[in-house]
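Please read the structure below before turning to the comments.
Bear in mind that the values in this text are calculations on the coordinates, not laboratory data. Just so it is clear, the model here is predicted, and its values are computed rather than measured. Please note: Cβ atoms are built from the backbone with ideal geometry, for glycine as well, and neighbour counts cover all protein chains shown.
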Amino acid sequence: MTASHPSGTGEAEGDLPSAALVEFANRQRWFAGRTERIERAEFAPIVSPFAGGPEIGELVVHIEGGDEQRYFLPLGAAGEGDAAFGFDAGPARGTLADGARDAAFAAQVIGWIAGGDATRGALTAHRSQAAADRLVEVAKVPPSEIKVLSGEQSNTSVGIGSLGILKFYRRLRDGEQPELELTEFLTERTGFTGAPALYGSVELRRADGASAAVAALFERVANRGDAWSVVTTDLVAVLSGGSASPERFDAGETLGRRTGEMHAALATRTGDPAFDPEPLDAPSLKRIVSEAREEAIEALDILSTERERSPELHGEIDALLAARIAIDDWFSGFDGLAGGGHRTRIHGDYHLGQVLVSGEDAVILDFEGEPGRPLEERRAKTSPLRDVAGMLRSFDYAAFAARDKLGEGGDAVRDAADRWRDEASATFLAAWSRASGVDLTSDGNSRLLDLFLIQKAFYELRYEAAMRPAWLSIPLRGIVSLLRKRQVLR
């Protein structure tokens, strides 16, 4: 298809200058190519299922070395107030804007999904069967009540009144989108109510047979913020001598129960090989241990270069670097760990920021997995204890963040924050075990949880060293504490 320019010039979107497209992309929060050396960019039109509206296409960014990145990009004529999202495409071309932020376009997408499974050109709409009645109501929301949500990062989320959230996946990756798989499974095949229902989705199928998720429509849940904001705000209030919100959120008990229910639901046997539990056998454990060990080695190598930048952490850094052999021996100790339990699909990127607080309850979001990992890894089955470790590490971060907001506050505040972390963690584990049915008193599960905690903390150490050195002490002290408890460090 040759897409005509929405400004009416009759020139093809595919002819948009590469420099202008790169300039436009660099202004968008969803663009991941800012640090890459870009050879060129082009707009590849997609046949639109809609009459009028933005021209739909892929922004194809060619990276030096042969790699490319693809992004979903509807382009429309910029309206009043859209200047921050548009760019001057050159003489006689006018100013274009990101059509994913257009309420009328969002309404068109929702109406198409609500109409039932359908294929038009390269795009296919899928409709949920379990939530079909609610989807009808979402489709009735007028454009005046459709607004882009703030705080977007790698995707663009649009609020559909109080009933729905339409998420556009901006970076297009060929293959099954884990979030769609997991939320569809939970919506259609289980009774789990702790995640927003999936109402429908849109998929792009290219001529070569490759496919990628373009959009998903979810239930919108009334909430008072994500658990990170709620928990840290309440903790700051308590640590400063005040009281938590009257609408108290018991993070340990509530998140433990909801997380356990999620894992129990994901372990439901339905005959679907993508979801049915599989044994956590010796080869699986070997792969898990090998991956954790490699991440630890990489993190320790990075830590040796951080020593001069962080003199206040010399004690912990030197202790870890001096114990490299002991740490490697600790990993070797897992070689004899017997298999047991099951591998299932999991959340994959689990922390307080992935949970909404709805009254006294919790709703779990964003089942995409770690965005930096390939789709195959994000879809792989593993122990649900990986998610458990992620939330426990998030509790440690929340305790630090609360102290940080108070300017540390001395030993009394630090001790009180650490007590909250330890109590919330213990309550979480007890509630999770009850809801999931997984016995945490067994030696195998206890040791495996230690392994995932260490792996997560070493991952955090690498991230903080690269992105947020001021927070390096959080994973560093977490690693030291756990290894001392296990007598790896003396």
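Let me know the charge dipole size of the chain about its Cα centre in debye, to the nearest 20, where only the beta-carbon of Lys, Arg (+1) and Asp, Glu (-1) is charged.
On the way: 55 positive and 76 negative charges, 122 e Å.
Charge dipole of the chain: 580 debye, to the nearest 20.
Give the relative contact order (percent, whole number) for the chain; include only Cα pairs under 8 Å separated by 6+ residues.
Numbers: 871 pairs, mean separation 62.1, N = 490.
About 13 percent, as a whole number.
With a point put 7 Å past each Cα toward its Cβ, work out how far LEU440 is from ALA104 in nm, to one decimal.
It works out to 5.4 nm between the two label points.
In the range 227-485, what is the count of Lys pairs whose alpha carbons are under 25 Å apart, counting only pairs at least 8 residues apart or on separate chains?
Working: LYS286/LYS381; LYS286/LYS456; LYS286/LYS485; LYS381/LYS456; LYS405/LYS456; LYS456/LYS485.
Total qualifying Lys-Lys pairs in the range 227-485 comes to 6.
Calculate for the chain the 222 nm mean residue ellipticity that helices alone would give, adding -39,500 (n - 2.57) per DSSP H run of length 4 or more and normalising by residue count, nearest 500 deg cm²/dmol.
Numbers: 14 runs with 203 residues, N = 490.
The helix contribution divided over the chain gives -13500 deg cm²/dmol.
Which three lengths, in whole Å and largest first, does the chain cover when its Cα atoms are put on their principal axes?
Computed over the Cα atoms, the extents are 73, 51, 51 Å.
So if we plug the beta-carbon distance of ALA222 and LEU321 into 1/(1 + (r/R0)^6) with R0 = 56 Å, what FRET efficiency do we get, rounded to 0.05? Each step should come with its number before you reach the end.
Numbers: r = 49 Å, r/R0 = 0.88.
According to the calculation, E is roughly 0.70.
For ARG37, project a label point 7 Å along Cα to C-beta. Then give me every residue of the range 45-62 with its amide nitrogen under 18 Å of that point.
Zone members listed by number: 61-62.
Among 463-470, 59-66, what's the highest-first ranking by average C-beta atoms within 10 angstrom per residue?
On the way: 463-470: 13.0, 59-66: 15.0.
Per-residue mean Cβ counts within 10 Å order the peptides as 59-66, 463-470.
Label ASP411 and ALA430 with points 7 Å out from Cα along Cα→Cβ: what is the distance between them in nm?
Rounded to a tenth, the inter-label distance reads 2.9 nm.
Along the charge dipole of the range 402-451, pointing to its positive end and built from +1/-1 on Cβ of Lys, Arg, Asp and Glu, which listed residue (GLY410, LEU451, ALA424) has its Cα farthest out?
Sorting the options by dipole projection puts first ALA424.
So who's got an amide H within less than 5 Å of the one on GLY53, skipping anything under 5 residues away but keeping other chains? H placed 1.01 Å off N, in plane.
Here the answer is none, since no amide H 5 or more places off falls under 5 Å of that of GLY53.
Which one, ALA32, SER150, LEU356, projects farthest toward the positive side of the charge dipole computed for the chain from Cβ point charges (K/R +1, D/E -1)?
LEU356
Which cross-chain or sequence-distant (5 or more) residues have an amide H under 5 Å from the amide H of SER310, H modelled 1.01 Å from N in plane?
Under 5 Å from the amide H of SER310: no residue qualifies.
Given charges of +1 on the Cβ of Lys and Arg and -1 on the Cβ of Asp and Glu, with all other atoms neutral, how large is the dipole of the range 327-448 about its Cα centre, in debye to the nearest 20? If you can, show how the numbers build up before the last one.
Details: 15 positive and 22 negative charges, 75 e Å.
Dipole size: approximately 360 debye.
Using R₀ = 45 Å, calculate the FRET efficiency as 1/(1 + (r/R₀)^6) where r is the Cβ-Cβ separation of SER304 and SER243; round to 0.05. Walk me through the numbers before you get to the answer.
Values: r = 45 Å, r/R0 = 1.00.
That gives a FRET efficiency of 0.50.
In the range 200-225, whose amide N lies under 11 Å from the spot 7 Å out along Cα-to-Cβ of SER162? List them in ranges.
Residues 222-223 fall inside that zone.
Among LEU239, LEU217, ALA322, pick out the residue whose Cα is farthest towards the positive end of the charge dipole of the chain, where Lys and Arg carry +1 and Asp and Glu carry -1 on C-beta, about the Cα centre.
So the residue we want is LEU239.
Quote the FRET efficiency, to the nearest 0.05, computed for SER154 versus ARG419 with a Förster distance R0 of 45 Å and r equal to the Cβ-Cβ distance.
Working: r = 36 Å, r/R0 = 0.80.
Efficiency for this residue pair is about 0.80.
Points 7 angstrom from Cα along the Cβ direction at GLU370 and ASP329: gap in nanometres?
Reported label-point gap for GLU370 and ASP329 is 2.8 nm.
When a/c is below 1.5 the answer is rounded, else prolate if a/b is larger than b/c, else oblate, so apply that to the range 227-485 with a ≥ b ≥ c taken from the square roots of the Cα gyration tensor eigenvalues. Please list the in-between numbers first.
Values: a/c = 1.82, a/b = 1.09, b/c = 1.66.
Because a/c hits 1.5 or more and a/b fails to exceed b/c, the range 227-485 counts as oblate.
Let's see if you can work this out: charge +1 on each Lys and Arg Cβ, -1 on each Asp and Glu Cβ, no other charges. What is the dipole magnitude of the range 287-370 about its Cα centre, in debye to the nearest 20? If you can, show how the numbers build up before the last one.
Working: 7 positive and 19 negative charges, 64 e Å.
Computed about the Cα centre, the dipole is about 300 debye.
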